[in-house]
Amino acid sequence: MKKSGNYSGIDCFRMIAALLIVAIHTSPLLSFNETADFILTRIIGRVAVPFFFMTSGFFLISRYSCNNEKLKTFIKKTAVIYGIAIVIYIPINIYKGYFSMDNLLLNIIKDIIFDGTFYHLWYLPASIIGAALAWYMVRRLGYSKALIISALLYIVGLFGDSYFGIAEQIEVLKQFYSLIFQVSDYTRNGIFFAPIFFVLGGMIADTNVKRSLSINGMAFAGTFALMVVEAMTLHTFNVQRHDSMYIFLPVCMFFLFHLLLYWKERRFALIRMAALIVYIIHPMMIVIVHFLAKFLGDIIVENSLINYLIVCLLSVLFSIVATIFINKFTTSRNSIKKKWCFETERAWIELNLDNLAYNVNALQKVMAEKSTLMAVVKTQAYGHGAFQIATFLNQMGVKAFAVATIDEGIQLRRYGICGEILILGYTNPNRAKELKKYDLMQTLIDFKYAKALNRQKIAVKAHIKIDTGMNRLGVSFDNINEVKMIFSMKYIKVCGIYTHLCCADTLLPEDVEFSENQIDNFYYLIDKLKERGIQIPKVHIQSSYGLLNYPQLVCDYVRVGIALYGVLSKPDENTRVKIDLRPVLSLKARVVLIRSVSKQDTVSYGRRFQAKRDSLIAIVSIGYGDGFPRDLSCQKGGVLIRGQYAPIVGRICMDQLAVDITEIEDVSVGNVATLIGFDTMDIAAPDIAQHFNSISNELLCRMGARLPIIIK
Ligand SMILES: *Cc1c(COP(=O)(O)O)cnc(C)c1O
């Protein structure tokens, strides 16, 4: 998910890779030493295209995605570039007699899909096919399976490429490959070659492995050396039909890509386009140089190194001019497109995911050893953004989630969340099919409900909710027969049984007594079930406060919501275990206007603020429409600007609010106002919540409305 960043290494290597490809097509060392040329162009040069595939995979492929348009956009863009490139090369195709071949139409189709209509253009259709295959494999099957399948495809490719000499000896294989070669000139294409690199690119982006630079460097050097040995051996024994695919290539690419990720200083965005242009245009330059040789002397084609350098020079010059031109032409549109610019323009939520990771670890330390953390991510993960929170937790290794509704559950699956998802609330039984399809576990809210769900005749996983005194959802704890009957329902697979404590948040003696009674009731039922020979499924009782006040309970899951987000419901609350939680969310907005008002002037709806002195008022672009409570109007709440507190004056509007900044120096339009979070001082969610008689749970989950979420 953390794919935005300054990947200087990747950006710069794009140009190196493009120039390596020029080398493949010009053989710069051929005038001097054939072996040296083989090593440069057929071994070193072979990292270039896989690098491009991996880079595309790195930015495109993910186990997690909240945007299925991404693949479409990539395919469209690549197809447009391919279309342009095809057109550019038509004159040369004509000159070379391309259009006079036999079976022209079939050959054109074959070339467009696999081989490229000009020799180097195969890369573009291979990108499209490879990206699509990798995308679907990763999303549907996860990385391990996608990697296995793409590796198998790669192996098939190997024996049609560098290892063809071996395959040729075996009759079945020989026939198999001759079939393939009728459709595609090489196995180095979108099906056999590209997918593994796209998958690897996505895998590297999704997993934050931290290997040391030197280990990575050595691993790269080692695997690269092995690839050289491999290629030289194959070359010596004349096994190769083509020389793009080696066993060690994907391995060595894996480490090379990691190495490039170490250099992260600034973006060289323009190199990206320039390298692509070099890639597309260099064969044209090769032709042009041959043409120029007539005037400038044969030296520029006869000496391979000079030829290479001139082709590079012309290609790079052309790409620079073209990049500048294209950039001028498109910047006005692009700058509007740059969403990250928009996102912090008005009002936004800022997430600190390091704090989230910290909270998870801190909570896990308090939990019983055998307990699993079930992350409660209902209501957009308490306003933090279900996608951002759930994918981050899933990547961290959290494998159990709870949501309130079936649609929240389905959304998590669409994002790519794997593991268990429990729906805590009611789902219409006639949606049983979806429960099964998305592998969601449904809470059985009472006996009648369980029967209705069972009547759907669709096998669904479920947890039985037991009411032990809250009197909300659940089968009563003393209704042992009903619970027992649920266990015998044909289409209900009971995976869990749980209850919810209704006053676990206080340590008042009567509340503690009530909670302990609830816990006893729950275990009374469990014991009775055991007595009747029922295999007890996973049990769970605690939510955040359940954990903090009753940490001694040993359950299979702990359903943690609010504590995960680093706050408690109310300020300065006393709990049995105290852990230092760190808030994950900050709420920020911009000052969009500053105005002076005179003594006696009033501000905002209803004229509820009247200036007692000449004042400076800042208008901040956030309102109750964004979830910020209107109850905090008229000095009940405030914001931090330049590290100082500015009280909210007058009524909060739907989209704006006004603050008094008379006493803060140097405030200007564009300054950030912190509504929740830290800016020299702290405005904590529980405090604000208390100001309007609520709890931070409510305050936070209101934020899901229209605020963009950015990750710090
Ligand atoms: C929301 C919810 C939770 C999480 O509660 P927190 O107090 O936020 O930890 C746990 N269990 C059930 C049944 C819930 O509805």
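Name the helices (complete DSSP H segments) of the chain with a Cα length along the long axis of 27 Å or more and a Kyte-Doolittle mean of at least -1.0, or state none.
Going by DSSP H runs, the hits are 8-26, 69-95, 213-236, 269-296, 304-337, 509-531.
Of the peptides 488-498, 280-290, how do they stack up when ordered by the mean number of other Cβ atoms within 10 Å, highest first?
Listed from highest to lowest mean packing, they are 280-290, 488-498.
Provide the descending list of Cα extents for region 625-712 along its principal axes, expressed in whole angstroms.
34, 31, 23
For a test of the definition: using alpha carbon positions, the gyration tensor, and the 1.5 limit on a/c, classify region 293-423 as rounded, prolate or oblate.
prolate
With a cap of 15 neighbouring Cβ atoms within 10 Å, and only residues DSSP puts in a loop, list the trypsin sites (Lys or Arg not before Pro) found in region 1-41.
Passing sites in region 1-41 are 2, 3.
State which entries of 72/712; 437/493; 433/461; 588/712; 490/528; 378/588 exceed 18 angstrom in Cα-Cα distance in the structure shown.
The answer is 72/712; 490/528; 378/588.
Counting only protein heavy atoms and a 1.4 Å probe, tell me what percentage of the chain's accessible area is made up of carbon and sulfur.
Heavy-atom surface of the chain belonging to carbon and sulfur, 1.4 Å probe: 59 percent.
What share of all Cα pairs of region 412-545, in percent, falls into each consecutive 5 Å distance bin?
Going out from 0 Å in 5 Å bins, region 412-545 shows 2, 10, 20, 21, 18, 14, 9, 4, 1, 0 percent.
Any idea what the dipole of the chain comes to, in debye rounded to 20, about its Cα centre with Lys/Arg Cβ at +1 and Asp/Glu Cβ at -1?
Rounded to the nearest 20 debye, it is 1460 debye.
Taking the alpha-carbon distance from residue 328 and a cut-off under 12 Å, which aspartates and glutamates remain once sequence neighbours fewer than 8 residues away in the same chain are dropped?
none
Output the pairs from 365/530; 457/484; 451/484; 436/538 with a Cα-Cα distance over 21 Å in this structure; if there are none, say none.
365/530
Working from the pairwise distances between different alpha carbons, so that the mean of 1/r is found and then inverted, what is region 522-615's Kirkwood radius in Å?
Over region 522-615, the inverse of the mean reciprocal pair distance is 18.6 Å.
What residue among 43, 73, 30 has its Cα farthest toward the positive end of the dipole of region 1-74, where the charges are +1 on Lys, Arg and -1 on Asp, Glu, each on the Cβ?
Towards the positive end, the residue furthest out is 73.
Placing unit charges on C-beta atoms (Lys and Arg positive, Asp and Glu negative, everything else neutral), compute the dipole magnitude of region 305-455 about its Cα centre in debye, rounded to 20.
The calculated dipole for region 305-455 is roughly 540 debye.
Where q = 0.07, 0.08, 0.10, 0.11 Å⁻¹, what log10 of I(q)/I(0) comes from the Debye formula for the chain, counting one point per Cα?
Cα-only, vacuum Debye calculation for the chain: -0.67, -0.82, -1.07, -1.16.
Give the ranking of 344, 391, 233 by solvent-accessible surface, highest area first, calculated with a 1.4 Å probe.
The residues order as 233, 344, 391, largest area first.
The values are calculated or read from the model by the stated rules, or taken from the named source; none is laboratory data. Computed from a predicted model, the values in this text were never measured in an experiment. Here Cβ is always computed from backbone atoms with ideal geometry, including for glycine, and neighbour counts include all displayed protein chains. SASA here: full protein model, heavy atoms, side chains in, ligands and nucleic acids out. Shrake-Rupley method; radii C 1.70, N 1.55, O 1.52, S 1.80 Å.
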